[in-house]
1. Report the label-to-label distance for Lys150 and Thr324 in nanometres (one decimal), using points 7 Å from each Cα along the Cα→Cβ vector.
2. Just to confirm the filter: which GluC sites (Glu not before Pro) across region 105-175 are DSSP coil and have at most 10 other Cβ within 10 angstrom of their Cβ?
3. Helix 237-246 sits at what angle to the longest principal axis of the chain, using alpha carbons and giving 0 to 90 degrees rounded to 10?
4. Please name whichever of Tyr118, Ala328, Ile163 sits farthest to the positive end of the charge dipole of region 4-384, dipole taken about the Cα centre and charges placed at Cβ: Lys and Arg +1, Asp and Glu -1.
5. When a/c is below 1.5 the answer is rounded, else prolate if a/b is larger than b/c, else oblate, so apply that to region 179-249 with a ≥ b ≥ c taken from the square roots of the Cα gyration tensor eigenvalues.
6. Treat every Asp and Glu Cβ in region 4-384 as -1 and every Lys and Arg Cβ as +1, leave all other atoms uncharged, and give the resulting dipole magnitude about the Cα centre to the nearest 20 debye.
7. To make sure I understand, if each residue's beta carbon is the centre and we count other beta carbons within 10 Å, what order do Asp277, Asp238, Asp35 fall in, fewest to most?
8. Hand me the chymotrypsin sites (Phe, Trp or Tyr not before Pro) from region 273-307 located in a DSSP loop with no more than 16 other Cβ atoms within 10 Å, in residue order please.
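Coordinate-derived values only; no laboratory data. This is a predicted model, so every value here is computed, not measured. Glycine gets a Cβ as well: all are built from the backbone with ideal geometry, and neighbour counts include every protein chain shown.
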Amino acid sequence: MSLRYLTAGESHGRGIIVILEGIPSGLTINAEDIDVELSRRQKGYGRGLRMRIETDFVQVLSGIRHVRSLGSPIAMLIDNKDWDNWKSVMSPTSVDLDGDTLQKPRPGHADLAGLMKYGVADFRDILERSSARETAGRVAAGAVCKELLKQFNIDISSYVIQIGNIKADMASIPREKVWHNTEMSFVRCPDPKATKSMINIIRKAASKGDTLGGKFVVRAKGVPPGLGSHTQWDLKLDGRLAQSLISIQAIKAVEFGSGAGFASLKGSAAFDEIFYDKEKGFHRKTNRAGGIEGGISNGKSIEATCTMKPIPSLGEPLRSVDITTKKAAKAEIVRSDICAVPAAGVVAEAVVAFEIARAMREKFGGDSLDDMKKSYDAYMERIKNL
């Protein structure tokens, strides 16, 4: 059995819908736990006015009874509270166009490419679905996957290491303080000094009508060895994770472990040497591979660094062209965030949780959680005795 999910909904439509299929029966799922993840997605210094309007809560429509999964598809709805202000513009039934059309596409956004692909005359048809509002559905699905992974002591977390030209000094932060410092930071950065500098440059960018990107790390701790496969290109775990991470709006690069740093390393310094003792079994003291070798998890934490570009919706817009008159014009000004790197890390946690849960389901199967656990325990006992 495998996992899959679909999302539907527009940024200013009635809401975001997600259907998650493949969760085994017997998993305890509280809507409040999903709401916590949705709330984390909405936080972070630099978020836009939309976050003052929306307070996301999930409505579970199917697949859960008495807070336990049934094994059937789980359907969830996250209402858009801003829908009340957009009913006429986004009406699925009215044939009258209410309001001005969007005619001046934003460089760096899906506006023009989507308009050309789908043959529409108003790129709001593209904007509404390409918006990062869609990630609320992914976070809801990921929250359920996180609950499944907790049953196997797998934990997913993330933290920001760069916004603009400000970088965190991770070497100065004790590893045991990373999670606490991250959740206490307004930009989800574990380095308190960098946090202050990041807030300042976000404030400066906002004053100039500009936006900022950055980098974050997402980590899956406790992943067993043997997830994914080397046997086909589309079964490789790092390939699946990279696809899911790069699909997050505005993510432009994904690196595992040492990532781009491998280019300057010699082979003798690039890999994680293998050791063995009776208590630990096979193990490694370093994690340059980021927890994956040959497309297969190796038992170390899976670590990926993601690069997010600045958001293309600018208060001081770039040059564009009016698609009707073909004359030069400034791009449309559309309400957006100044910096969404902290929120993107939370979305990344969700998509990583999904991919790890999907790999777990494929390897250990079982229609019920108990069956899945028995298969997992048998496998872990086998590799323990290698």
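1. Placing both labels 7 Å along Cα→Cβ, they lie 5.2 nm apart.
2. none
3. Approximately 20 degrees, to the nearest ten.
4. Ile163
5. Cα axes put region 179-249 in the oblate bin.
6. With only Lys, Arg, Asp and Glu charged at Cβ, the dipole is about 1080 debye.
7. Working: Asp277 8, Asp238 23, Asp35 17.
By the 10 Å Cβ count, ascending, the order reads Asp277, Asp35, Asp238.
8. Working: sites: Phe275, Tyr276, Phe282; in loops: none.
When the chymotrypsin sites (Phe, Trp or Tyr not before Pro) of region 273-307 are filtered for loop state and at most 16 Cβ neighbours within 10 Å, nothing remains.
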